[in-house]
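Take a look at the structure below.
The values are calculated or read from the model by the stated rules, or taken from the named source; none is laboratory data. Everything numeric in this text was worked out from a predicted model, so none of it was measured. Ideal geometry is used to build each Cβ from the backbone, glycine not excepted, and the neighbour counts take in all protein chains shown. Ligands, DNA and RNA are stripped out before the accessible areas are found, and what is left, the full protein with its side chains, is counted by its heavy atoms. Shrake-Rupley method; radii C 1.70, N 1.55, O 1.52, S 1.80 Å.
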Amino acid sequence: MRKTIACMLALAATGLLRMAAAQELSPVEQGIVANIHAHSPQALELLRQSVLINSGTNNLEGVRAVGQLFREQFDALGFQTRWIEMPPEMKRAGHLLATREGPSATGKRLLLLGHIDTVFEPGSAAPLWEPQGNGPDARVRGQGVSDMKGGDVIVIEALRALKQAGVLDGTTIAVMLTGDEEEAGQPRSVSRGDMQAIARRSDVALSFEGSIIDKDGLATATVGRRATAGFELKVAGRQGHSMGVFGVNGNGAIYEAARILDAFRQQVVEPGLTFNPGLIVGGTEVGLDAGETHGTAFGKTNVIANSVVVKSDLRYLDYAQRDRAQARMREIVSHSLPGASASISFEDSYPPMAVTPGNLKLLDAYSRASQDAGLGPIGAVPAEARGAGDIQFIAPLIDSLDGLGAAGKGAHSPNEDLEVGSIERGAVRAALLMYRLTR
Ligand SMILES: [Zn+2]
């Protein structure tokens, strides 16, 4: 009963917010919103055109073709555009960069991020474009509709509305649409070097990866994403007759590896931190292939194993958490069982997008813009709920917010779809946020 009343109060409050909100848009902002509404059919058509071109990360021609399609849009908006090539040996298509610079902008300098590649390579079973339903419930199934060509279209639509309202003048905005987000080219210092250089000249990064609607139906954005990293554990034991195990011949490498991994599980776990040993080989002869995803092992039950190799990922919220975990792991590894020894090495991949006060302030501004437009408040996605993304390469440098893109389901699966109305909502929210940030 009490819960029902609380719910009703919450609903009433939301309703009031929405009514009050509509009046909080200035005349310029109301014009921006009206413009986005009026242009919705063209936005969907642009999305359709971009999705009809397969742009799996390894389909370099397709990625470039989508880049060209979007490039024409930025050219029409008066941006300087250029295609950033990657060295041929990296086997990546490159990135689209569109920039405009104001004389001495008083507002924030923005870096907007998207990607034009998808996980669907040519020949994928996923349909390219399959509209489902009409009206407010309309959805589209297709390759990359919500991850994240829908987000790219939101960027273009928001900027177009700002341009038509005459408020792009004086702003400094860079848009980078990467061609290899789903499988970033190596080395990352090259594939993400330009992005980091632009971030150093910007104040705020907004990334348009898919927007997540939480279980209560609340729209969300992302203020933190966990780093991805890994470790390799190598254990050595004394080979000998099994009858001497626990005694003269020591415990062997396999018991030592088990001790270490179980101690990690029992002593290192904390909220936001995970590690997952995904591959283990042990015996008297072990090996991993070059890709370190296949292993071979030889051993006999009457022989004490002398070697084990474990490969694991490691995901953390911020560097303090990483350092804490690594120190604790090294400590555990060092307390070897008799007759065994072990070493652990760590490798970082994507840096963390830590939840900072600056990111939370951006979320607050985004949520206010959404409420002022009558589109409800925006919550925060827990950092653990998302995989790795491009924004992490620059989040350590500037205030960042992600998840401003389109809403859909089944990303990376043949069922990936998009809620068509989320393009318009995303464009309205993004345009208002950008307008306010650049004043
Ligand atoms: Zn994505």
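Structure values in brief
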{"quantity": "Of LYS108/LYS149; LYS149/LYS409; LYS108/LYS361; LYS149/LYS215; LYS163/LYS361, those spanning more than 20 Å from alpha-carbon to alpha-carbon", "calculated": "LYS108/LYS149; LYS149/LYS215; LYS163/LYS361"}
{"quantity": "Tilt relative to the chain, helix 252-267 - C-alpha long axis, 0 to 90 degrees, to 10", "calculated": "40"}
{"quantity": "Projected area, mean over directions - the chain, Cα convex hull, nm²", "calculated": "25.4"}
{"quantity": "Relative packing of peptides 182-190, 249-257 - highest average C-beta neighbours within 10 Å first", "calculated": "249-257, 182-190"}
{"quantity": "Label-to-label distance, nm, for residues given as GLN68 and PHE246 (7 Å Cα→Cβ offset)", "calculated": "7.2"}
{"quantity": "Cα-only Debye scattering, the range 223-369: base-10 log of I(q)/I(0) at q = 0.17, 0.21 Å⁻¹", "calculated": "-0.93, -1.21"}
{"quantity": "GLU45 versus GLU61: modelled label distance in nm, points set 7 Å from Cα along the beta carbon direction", "calculated": "2.7"}
{"quantity": "With DNA, RNA and ligands ignored, accessible area of LEU397 (1.4 Å probe; Å², nearest 10)", "calculated": "80"}
{"quantity": "Estimated dipole of the range 234-297 in Debye, rounded to 20 [Cβ of Lys and Arg +1, of Asp and Glu -1, Cα centre]", "calculated": "200"}
{"quantity": "Rel. contact order, % - alpha carbon contacts under 8 angstrom, at least six apart, the chain", "calculated": "24"}
{"quantity": "Label-zone membership for the range 92-135, site TRP83, 7 angstrom Cα→C-beta point, backbone N under 16 Å", "calculated": "92-98, 116-117"}
{"quantity": "Between helix 150-164 and the chain: long-axis angle, C-alpha atoms, 0 to 90°, nearest 10", "calculated": "30"}
{"quantity": "Inter-site label distance for LEU397 and VAL28 at 7 Å from Cα along Cβ, in nm", "calculated": "2.8"}
{"quantity": "Burial ranking of peptide ranges 348-360, 119-131 (average Cβ count within 10 Å, highest at the top)", "calculated": "348-360, 119-131"}
{"quantity": "Qualifying lysines (Cα of each under 28 Å from Cα of LYS311; at least 8 residues distant if same chain)", "calculated": "LYS91, LYS234, LYS300"}
{"quantity": "Solvent-accessible surface (1.4 angstrom probe) belonging to ILE391, in square angstrom, nearest 10", "calculated": "0"}
{"quantity": "Cα centroid separation, the range 266-281 to the range 118-147 (Å)", "calculated": "35"}
{"quantity": "Carbon and sulfur %, accessible surface of the chain computed with the full protein complex present, 1.4 Å", "calculated": "54"}
{"quantity": "Surface accessible to a 1.4 Å probe, per residue, for the residues of the chain, Å²", "calculated": "45"}
{"quantity": "Pairwise FRET efficiency - ILE213 versus ALA327, Cβ, R0 = 41 Å, nearest 0.05", "calculated": "0.60"}
{"quantity": "For the range 307-381, radius of gyration divided by Kirkwood radius, i.e. Rg to Rh on alpha-carbons", "calculated": "1.27"}
{"quantity": "Solvent accessible area, Å² - ASP364, 1.4 Å probe, full protein context", "calculated": "80"}
{"quantity": "At R0 = 51 Å, FRET efficiency that the Cβ-Cβ distance of LEU279 and ASP169 yields, to 0.05", "calculated": "0.40"}
{"quantity": "Per-peptide average of other Cβ atoms within 10 Å, ordering 404-414, 264-274 highest first", "calculated": "404-414, 264-274"}
{"quantity": "Where only alpha carbons of the range 367-407 are counted, the Rg and the Dmax (Å)", "calculated": "12.3, 33"}
